[in-house]
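Here is the structure we will look at, set down as structure tokens.
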Amino acid sequence: MDNETRISLILIDDGWSMVSRIIDAGDWKTASQHEVTISRNGQNMTTPYTMGAAHRVWSCSQSPIGCMPWNTHDKQTIGPMIKGKGMPYVRGRVSLHQEKVLLKCTEPASPSLADVMYSLALDASSVSEGQDFDSWTADFGFSSDSRNAERLFHACIDSWRSLIRLGADMDNLLALFQDY
């Protein structure tokens with residue numbers, strides 16, 4: 001059992017659940033945008049979640065384009081195209097054109113509960129100690145005169161408040177994701 005599955009099972013056993021909806025499927029060059037709803041103890045929180053092209057899965061199980069020169073090396077690099085299975089990391093091992101063709105044969109993967117909770121816990125931990133905006137921007141290399149930094153800071157506070165409202169023990173969450 002991999003670490004992601006183990007952590008997801010621990011979270012589910014503790015009453016956490018998640019539903020994900022694709023807002024924008026993205027493509028070979030843009031990230032997919034999801035809306036995830038985390039639930040626990042009869043409470044919900046909804047948040048956006050983004051997954052880059054590295055998290056895409058095969059949407060077909062056949063060679064993408066018959067006219068492309070796929071040699072034995074390319075086929076070994078790519079491996080079997082199993083629908084719903086993650087695609088291998090191919091950058092540098094096939095041409096950029098071939099990589100673009102391969103990514104066109106993919107669809108966004110659904111985020112896992114462990115991945116989303118890890119992101120939320122990290123965001124929330126950056127403000128959970130009562131850190132003020134100026135020290136937060138200094139820690140993360142933002143300008144304290146940035147509207148974008150201010151939005152991110154408040155989004156981290158919202159994540160922290162939502163996790164607390166759902167009954168999260170931040171120390172336990174961070175310990176769970178220590179080696180994630």
**OP:** Can you confirm whether the stretch 105-118 contains a residue that is of a type in the set (A, V, I, L, M, F, W, C), at pLDDT below 80, within 16 Å of H55 (Cβ to Cβ) and touching a helix residue (DSSP H, G or I) at 6+ places or on another chain (Cβ under 8 Å)?
**Re:** no
Subject >> Residues within the stretch 145-180 that are over 13 Å from M45 (Cα atoms) and touching a residue at least 60 places away in the same chain (Cβ under 8 Å), tallied >> reply: 4
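Results for (1) loosely packed, with under 12 Cβ neighbours inside 10 Å; (2) over 28 Å from P80 (Cβ atoms), shown as yes or no for each residue.
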| site | (1), (2) |
| --- | --- |
| I7 | no, no |
| I23 | no, yes |
| K29 | yes, no |
| N41 | yes, yes |
| A53 | no, no |
| C60 | no, no |
**OP:** Return yes or no: is L163 modelled with pLDDT of 95 or more, assigned to a helix (DSSP H, G or I) and either outside the structural domain of Y118 (by TED's automatic domain parsing) or closer than 22 Å to I7 by Cα (or both)?
**Re:** yes
Original post:
Are any of the residues in the stretch 71-78 at pLDDT below 75 and either assigned to a loop (DSSP other than H, G, I, E, B) or buried (at least 18 other Cβ atoms within 10 Å of the Cβ) (or both)?
Top reply: yes
Subject >> Residue match in the stretch 1-16 (condition: of a type outside the set (K, R), under 17 Å from the mean Cα position of the chain (by Cα) and in a strand (DSSP E or B)) >> reply: no
Original post:
Within the stretch 124-180, how many residues are touching a Phe, Trp or Tyr at 6+ places or on another chain (Cβ under 7 Å) and closer than 21 Å to G15 by Cβ?
Top reply: 4
Original post:
A149 versus (1) assigned to a helix (DSSP H, G or I); (2) farther than 23 Å from A31 by Cα: which is the lone unmet condition?
Top reply: (2)
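The values are calculated or read from the model by the stated rules, or taken from the named source; none is laboratory data. As the structure is a computational prediction, the values presented were derived from the model and not from experiment. Ideal geometry is used to build each Cβ from the backbone, glycine not excepted, and the neighbour counts take in all protein chains shown.
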